[in-house]
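Notes follow once the structure below has been shown.
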Amino acid sequence: MSVTLRVPDAACARQRTDDQRRGVDFGVTDWATFDDGQTIPNPRWVREELPRLAALQRERARKRQGSLRFKRLGRRIAKLHERIGNLRRDFVHKETTRMVQQCAVLATEQLAPKNMSRSAKGTVEAPGRRVRQKAGLNREILSAGFGMAHQMLAYKAEEAGTRLHLSNTRQIKPSQRCAACWEIVPKTLAQRVHGCPHCGHVMQRDQNSALVVLIDANTPGTGVAARPKPLPRQRGKSKSVTRETPTTTAQAV
Ligand SMILES: [Zn+2]
């Protein structure tokens, strides 16, 4: 007799299979970029379902509010929105589990406060009038997944005994700092390559950021204890946060 157990993804996160130390940068071009240049591209639904959602919302914007067609489109939008939410949750679950399983140390940047990622175009549920700027809408939906990723990483890291390090964005400025010489190199969001005028280091922008947070995680003295989810607001904190699991702490003592 044989018994097959189906174990949910989250439960599998407890088993770490490797002891890598990795920095990861979450972004819009690729969903994630690691310090070694590896990327996790955005999944197919980002290219297919998000444009459909934007198209439906544009269509509804042309209908008279309260009309039958307006309501009908509203139901379709809600359904598609739910579908995207499910796809996103599955995707983020799968990828965060894999990250945590591979890593003894995982470093990333603190989550931007909500008011920074919110656009003038309203929320996903109630988009503003300028929904035709679908790039902005897509960006918003994508960044909603970063909060989910952070939450999942926090509890899965704890389960797996992975040290999760969150670099303080204001202090470290991972997207502006040179991973080779630690100087600040200002860049606009459109500049996808980091080219350092101080030391000549050239690297793809997101990879450089991932390397910066990894170096930050490896530098003693930059970390203070963080709590698992929900992620606290880091307003006013001046240090990067790092969370050691009880087992790791016990080994260190
Ligand atoms: Zn440099």
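Quick notes on this structure:
- Highest-first arrangement of 172-182, 28-38, 191-201, where packing means the average Cβ count within 10 Å: 172-182, 28-38, 191-201
- Estimated FRET transfer efficiency when R0 is 35 angstrom, pair LEU80-ARG170 (beta carbons, to 0.05): 0.45
- Near VAL212, once Lys and Arg are set to +1 and Asp and Glu to -1 for all other residues with Cβ below 10 Å from its Cβ, the sum equals -2.
- The simple Förster model, with R0 at 35 Å and r as the Cβ-Cβ distance, assigns LYS94 and ARG64 a FRET efficiency of 0.25.
- Taking the average, over residues, of other Cβ atoms within 10 Å as the packing measure, peptides 160-167, 57-64 rank 160-167, 57-64 from highest down.
Bear in mind that the values in this text are calculations on the coordinates, not laboratory data. The structure displayed is predicted, hence computed values, not measured ones. Note that we place each Cβ from the backbone using ideal geometry, even for glycine, and neighbour counts take in every protein chain shown.
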